[in-house]
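*Asks:* Mind having a look at this structure? Questions to follow.
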Amino acid sequence: MSDIAANFEVVLKKIRRAEKSAGREEGRCALMAVTKTQPVEAIRAALEAGHRLFGENKVQEAQAHWAALKEEGRFPGLRLHMIGPLQTNKAGDAVSLFDCIESIDRPKLVQALAQEMRKQGRDIPCYIQVNTGEEPQKAGVLPQDLEALLAQCGAEGLRITGLMCIPPEGVPAALHFAFLKKLALRHGLPELSMGMSGDYEKAAMLGAHHVRIGSALFGART
Ligand SMILES: *Cc1c(COP(=O)(O)O)cnc(C)c1O
């Protein structure tokens, strides 16, 4: 567990160096720790080291990891983002647990989340996930459908503050990061969630609001 705090320092240093090399103001890119598949001790180690921004990709696992920790109330400023595919029948659980949902990608989900937020009296910011590589097996709205989905979010009162993407394997991620940024600028969305363990320095250079890091912080997932 002592490695975890050290890994955070290494990754943060690389993010700051990347920002600087791109002429970005230092500290603009936040580090999100992705805690899927991690033991609770690893999560605690990150929290005790002062880390507060986390991501999970499954509702059930996120509940198991975080429901009790959130109840403790010992970690002010704690923010938990949903970064994985979301089924509409989990919308209620997602709205009550998460502080931001990054994986909005279809009209039915917009409807379900808007309805749950009204029901629960919660207003949490959301991102739209864009399938920048137009991969058939991958989640995310196709770039050409983004505008219509944003219009629907506006009509239903769902607050969209950013875009998220997971670039295809085997091609330069930088092209996808730059494309996501262009889409965000076009639609006036300030926050970009992009970059993982293999490519976060590029993302930090190209305007990420936060990078989503799992294995570089906690070691390879088994
Ligand atoms: C697992 C996951 C990450 C982190 O991946 P690493 O390569 O371990 O850093 C980032 N984003 C999403 C959506 C993930 O599911």
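*Asks:* With the condition kept exactly as written, say whether any residue in region 186-203 is under 16 Å from the mean Cα position of the chain (by Cα), more than 28 Å from Arg17 (Cα to Cα) and in a loop (DSSP other than H, G, I, E, B).
*Replies:* no
*Asks:* Mind listing whichever residues of region 208-219 are more than 8 Å from the ligand (Cβ to nearest atom) and surrounded by fewer than 20 Cβ atoms within 10 Å (Cβ to Cβ)?
*Replies:* Gly219
*Asks:* Now a separate question. Would you mind finding the one in Glu102, Glu116 that is away from the ligand (no atom under 16 Å from the Cβ) and charged (D, E, K, R)? Let's see the steps before the verdict.
*Replies:* Details: Glu102 fails: away from the ligand (no atom under 16 Å from the Cβ).
Answer to the selection: Glu116.
*Asks:* Read through the list (1) surrounded by 15 or more Cβ atoms within 10 Å (Cβ to Cβ); (2) within 16 Å of the ligand (Cβ to nearest atom), then give the number of the only condition that Leu183 fails.
*Replies:* Here Leu183 meets the rest and fails (2).
*Asks:* For a quick check of your reading: which helices (runs of 4 or more DSSP H) sit entirely within region 1-89 and have at least 2 residues that are more than 16 Å from the ligand (Cβ to nearest atom) and small (Gly, Ala, Ser)? Steps first, answer last, please.
*Replies:* On the way: elements: 2-21, 40-48, 59-72.
Output list reads 2-21, 59-72.
*Asks:* Something else about it: Scan region 61-75 and tell me whether some residue there is in contact with a strand residue (DSSP E or B) (Cβ under 8 Å, 6 or more places away or on another chain) and at pLDDT below 95.
*Replies:* Initially, region 61-75 is screened for residues in contact with a strand residue (DSSP E or B) (Cβ under 8 Å, 6 or more places away or on another chain), giving 62, 65-66, 70.
With at pLDDT below 95 added as a condition, the list becomes 70.
Checking region 61-75: at least one residue is in contact with a strand residue (DSSP E or B) (Cβ under 8 Å, 6 or more places away or on another chain) and at pLDDT below 95.
*Asks:* May I ask you to list pairs of residues, at least six apart or on different chains, whose Cβ atoms are under 9 Å apart, with the first in region 128-147 being outside any helix (DSSP H, G or I) and the second being hydroxyl-bearing (Ser, Thr, Tyr)?
*Replies:* Ile128/Ser103; Gln129/Ser103; Gln129/Ser193; Ala139/Ser103; Gly140/Ser103; Gly140/Thr132
*Asks:* Consider Pro167 against the criteria (1) surrounded by 22 or more Cβ atoms within 10 Å (Cβ to Cβ); (2) closer than 19 Å to Leu53 by Cβ; (3) of a type outside the set (Val, Ile, Thr): it satisfies all of them except one. Which criterion is unmet?
*Replies:* With respect to (1) surrounded by 22 or more Cβ atoms within 10 Å (Cβ to Cβ); (2) closer than 19 Å to Leu53 by Cβ; (3) of a type outside the set (Val, Ile, Thr), Pro167 is out only on (2).
*Asks:* I've got another one for you. Here are some residues: Glu201, Glu191. Which one is within 13 Å of the ligand (Cβ to nearest atom), buried (at least 18 other Cβ atoms within 10 Å of the Cβ) and either acidic (Asp, Glu) or farther than 30 Å from Ile4 by Cα (or both)? Full working, then the answer.
*Replies:* On the way: Glu191 fails: within 13 Å of the ligand (Cβ to nearest atom).
So the residue among Glu201, Glu191 that is within 13 Å of the ligand (Cβ to nearest atom), buried (at least 18 other Cβ atoms within 10 Å of the Cβ) and either acidic (Asp, Glu) or farther than 30 Å from Ile4 by Cα (or both) is Glu201.
*Asks:* Ala174 passes all but one of (1) of a type outside the set (S, T, N, Q); (2) away from the ligand (no atom under 15 Å from the Cβ); (3) within 28 Å of Gly23 (Cα to Cα); (4) not in a helix (DSSP H, G or I); which number fails?
*Replies:* Status for Ala174: all satisfied but (4).
*Asks:* A further question on this structure: If you check Ala112, Ala139, which single one turns out to be touching a Ser or Thr at 6+ places or on another chain (Cβ under 9 Å) and either among the polar types (S, T, N, Q) or closer than 28 Å to Leu175 by Cα (or both)? Explain how you work it out, then say what you get.
*Replies:* Numbers: Ala112 fails: either among the polar types (S, T, N, Q) or closer than 28 Å to Leu175 by Cα (or both).
Answer to the check: Ala139.
*Asks:* Please list, ordered by first then second residue, the pairs with beta carbon atoms under 9 Å, 6 or more apart or interchain, first in region 201-220 and free of Cβ contacts under 8 Å to residues at least 12 places away in the same chain, second more than 13 Å from the ligand (Cβ to nearest atom).
*Replies:* none
*Asks:* Still on this structure, please answer the following. Test Ala30 against the stated conditions and say whether it is touching a residue at least 40 places away in the same chain (Cβ under 8 Å) and touching a Gly at 6+ places or on another chain (Cβ under 9 Å). It would help to see each step written out before you state the result.
*Replies:* On the way: touching a residue at least 40 places away in the same chain (Cβ under 8 Å): yes; touching a Gly at 6+ places or on another chain (Cβ under 9 Å): no.
Spelling it out, it is not the case that Ala30 is touching a residue at least 40 places away in the same chain (Cβ under 8 Å) and touching a Gly at 6+ places or on another chain (Cβ under 9 Å).
*Asks:* Taking into account only those residues within region 108-153 that are among the polar types (S, T, N, Q) and within 20 Å of the chain's Cα centre (by Cα), which is farthest from Arg212 (Cα to Cα)? Steps first, please.
*Replies:* Step one: filter region 108-153 for residues among the polar types (S, T, N, Q), giving 111, 115, 120, 129, 131-132, 137, 144, 152.
Now restrict to residues that are within 20 Å of the chain's Cα centre (by Cα): 129, 131-132, 137.
Values: Gln129: 14, Asn131: 17, Thr132: 17, Gln137: 21 Å.
For region 108-153, the residue satisfying everything is Gln137.
The values are calculated or read from the model by the stated rules, or taken from the named source; none is laboratory data. Computed from a predicted structure; not experimentally measured. Ideal geometry is used to build each Cβ from the backbone, glycine not excepted, and the neighbour counts take in all protein chains shown.
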